[in-house]
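Structure record follows, encoded as structure tokens.
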Amino acid sequence: MSDCIFCKIAQHEIPSTVVYEDDLVIAFDDLNPQAPVHTLVIPKAHYDSIVDGVPGDVLAAMAHAIGEVARVKGLDAGFRVITNTGADAGQTVMHFHMHVLGGKMLGEGLI
Ligand code: 5GP
Ligand code: ZN
């Protein structure tokens with residue numbers, strides 16, 4: 001999608017700090033981190049959100065990438081994965097992404 005910032009990051013048209021990349025997905029550090037580790041995992045192809053018909057192989061690649069982010073970032077003590085979906089969840093970038101948050105005690109609360 002031509003005006004999508006995450007499509008541009010996926011194509012390396014906009015710089016980002018890449019943590020992991022393969023044919024289907026890319027993981028890069030969030031510009032405005034909410035935790036000591038805050039990395040985004042996105043499919044290279046554009047889907048508006050997790051409920052936009054994302055193929056199973058892409059979802060599997062994202063799960064693999066989350067594991068690689070945790071390994072590279074040393075998140076042995078745990079981490080949280082969040083996928084904001086739609087307006088009520090505060091999704092601001094309409095290209096499906098998963099937040100990987102960690103590097104501190106996040107606690108038991110979800111929100
Ligand atoms: P959302 O609110 O849609 O779930 O999350 C979007 C995330 O993308 C936010 O955490 C925001 O900081 C991040 N973000 C927005 N634009 C950019 C950018 O150009 N580069 C990077 N690395 N992160 C971005
Ligand atoms: Zn996009």
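Based on the Kirkwood approach, the hydrodynamic radius assigned to segment 1-56 is 12.0 Å, with every pair of different Cα atoms included. In percent, rounded to a whole number, the relative contact order of the chain is 30, using alpha-carbon pairs under 8 Å and six or more apart. Model label sites at residue 105 and residue 93, defined 7 Å from Cα along the beta-carbon direction, differ in position by 3.1 nm. In the full protein context, segment 16-61 carries 48 Å² of accessible surface per residue, based on a 1.4 Å probe and ignoring ligands, DNA and RNA. For segment 5-96, applying the loop criterion from DSSP together with a ceiling of 13 other beta carbons within 10 Å to the GluC sites (Glu not before Pro) yields 13.
Convex hull volume per residue, computed on the Cα atoms of the chain, equals 104 Å³. At a 1.4 Å probe, what is the % contribution of carbon and sulfur to the accessible area of the chain? Carbon plus sulfur share of accessible area: 56 percent.
Tell me, what is the percent relative contact order of segment 14-62, built from C-alpha pairs under 8 Å that lie six or more residues apart? Mind dumping the intermediate values first?
Values: 54 pairs, mean separation 14.9, N = 49.
That works out to 30 percent.
The long axis of helix 56-73 is offset from the longest Cα principal axis of the chain by roughly 40 degrees.
Of 79, 28, 96, the residue with the greatest mean-square motion in the GNM of the chain, using alpha carbon springs below 10 Å, is 79.
The values are calculated or read from the model by the stated rules, or taken from the named source; none is laboratory data. In this text the structure is predicted, and so the values were computed from the model without any measurement. Neighbour counts run over all protein chains shown; Cβ positions are idealised from the backbone, glycine included. For the accessible areas, the whole protein counts, side chains as well, though only heavy atoms, and no ligand, DNA or RNA atoms are used. Shrake-Rupley method; radii C 1.70, N 1.55, O 1.52, S 1.80 Å.
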